[in-house]
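See structure below.
Throughout, read-outs are computed from the coordinates displayed, never taken from laboratory work. Note that the structure is predicted; figures quoted are calculated from it, not measured.
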Amino acid sequence: MNSVGNVARVLRLFTSERSVLSVTEVAQLLTLPKSSSSRLLKAMAETGLLISTDSAAGYAVGNLIFETSRRHPGKATPVRRVTVRVDPHRVAP
């Protein structure tokens with residue numbers, strides 16, 4: 001897999017239950033060498049995609065993701081189509 005693909009794979013690992021990931025966890029979950037995982041996470045942190053946690057436990061999602069979402073609010077959430085069912089027998093008030 002290429003670097004961009006690995007970036008996407010890392011971002012998909014973050015969940016509400018798993019907000020911080022260590023180099024070891026990423027290496028294990030993505031079956032990558034630990035050295036490659038370390039370089040990838042460091043590069044992602046340098047670009048703002050991730051932040052290094054204060055406790056040195058690992059990395060969390062960085063502000064760049066949130067800043068981008070705020071600049072494009074219509075595209076930040078899935079578009080949901082709402083279907084309105086009209087009851088032909090209902091009388092409007």
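Would you please classify the overall shape of segment 1-66 from the alpha carbon gyration tensor, given that a ≥ b ≥ c denote the square roots of the eigenvalues, rounded means a/c under 1.5, and beyond that prolate means a/b larger than b/c while oblate covers the rest?
Values: a/c = 1.36, a/b = 1.20, b/c = 1.13.
In terms of gyration-tensor shape, rounded.
From the backbone phi of segment 66-71, what are the Karplus-calculated ³J(HN,Hα) couplings (6.51 cos²θ - 1.76 cosθ + 1.60, θ = phi - 60°) in whole Hz, Gly and Pro given as x?
With the stated coefficients, segment 66-71 comes to 6, 4, 5, 4, 5, 6 Hz.
Scan around residue 50 for amide H atoms under 5 Å from its own, H built in the peptide plane at 1.01 Å from N, and keep only partners 5 or more places away or cross-chain.
Amide H to amide H, under 5 Å and 5 or more residues apart or across chains, residue 50 pairs with 45, 62.
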